[in-house]
């Protein structure tokens, strides 16, 4: 128990350090952006008075360390800043875009977990047989296709040629649950590569676990095959798979920009693209911090789960 507490304490300290590093890196990168944000926001024919006002609003006339301190103090109080373009709080932008992104992530995960783990376990139990070779070949081929290319292909065939599904979510706004057909193509694109990587990882881990001494010992005791597979072998194969699943969750929440742009879904990726195009630095900074903190928290949780799973294999031995 003390070992678990020590591991949790170390990971929490590391997570806190990573969060601080994310804040510093986001500020440094936005500071290093080429050009003058105030001039860019002032328009094609900037007025010196407007530029000065924008610089004062952005506190660009203050030293960088003072602006960093003020921004960090706001973050500690939950204040992500205010949009320079609309004057709305950055938190409202994130709240508006988080719903569609979370919906896509939840639907994808609801399909990914049973499909990825199921295919991996099935392939491992049939190692070297035609079913295993078919699954391995198909997952390898699908994984090689980029999300953008797969999305264009699905839109061309299923939406434009066959007219089975809408090609984009234009006109539906954030009410995507009320129009489930608009979610089918984005979820398929988001699901394709993670299913391939997760199933292959589970397969490899399951094969190693089935060849381990503790599984061989369980078989010698006459334990039924299903119990050997799912009680003794599977936990040992889950630790690396859980970490891969965490990276997938992180990608779904923070990195679905291509898919949201392709299907015109008003999620966090679209909010980020619009903010970059408009040079709305506070929105970019706020989103970057949220993405970074989500990444730290998700991977921290995955490490804790993996740490709990891995010792079970050792105890079984």
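The values are calculated or read from the model by the stated rules, or taken from the named source; none is laboratory data. It should be emphasised that the depicted structure is a prediction, and the values quoted were computed from it without experimental measurement. Here the Cβ is made from the backbone with ideal geometry for all residues, glycine too, and neighbour counts use every protein chain on show.
Scanning region 174-196 for residues that are farther than 19 Å from residue 257 by Cβ and either touching a residue at least 24 places away in the same chain (Cβ under 8 Å) or not in a loop (DSSP other than H, G, I, E, B) (or both) yields 177, 181, 184, 195, 196. Scanning region 273-284 for residues that are surrounded by 17 or more Cβ atoms within 10 Å (Cβ to Cβ), assigned to a helix (DSSP H, G or I) and either more than 18 Å from the chain's Cα centre (by Cα) or on the phi > 0 side of the Ramachandran plot (or both) gives 275, 281, 282, 283. Being under 30 Å from residue 286 (Cβ atoms) and not in a helix (DSSP H, G or I) holds for only one residue in 99, 171, and it is 171. Residue check: is residue 112 within 17 Å of the chain's Cα centre (by Cα) and at pLDDT 90 or above? Against the criterion (within 17 Å of the chain's Cα centre (by Cα) and at pLDDT 90 or above), residue 112 qualifies.
Results for (1) in contact with a helix residue (DSSP H, G or I) (Cβ under 7 Å, 6 or more places away or on another chain); (2) crowded, with 20+ Cβ neighbours inside 10 Å, shown as yes or no for each residue.
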| position | (1), (2) |
| --- | --- |
| 67 | no, no |
| 87 | no, no |
| 91 | no, no |
| 100 | no, yes |
| 107 | yes, yes |
| 113 | no, no |
| 118 | no, no |
| 126 | yes, no |
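The single condition from (1) free of Cβ contacts under 8 Å to residues at least 24 places away in the same chain; (2) surrounded by fewer than 16 Cβ atoms within 10 Å (Cβ to Cβ) that residue 72 fails is (1).
What are the residues in region 254-271 that are within 14 Å of residue 97 (Cα to Cα) and surrounded by fewer than 21 Cβ atoms within 10 Å (Cβ to Cβ), if any? Those that are within 14 Å of residue 97 (Cα to Cα) and surrounded by fewer than 21 Cβ atoms within 10 Å (Cβ to Cβ): 255, 257, 261, 264, 266, 270.
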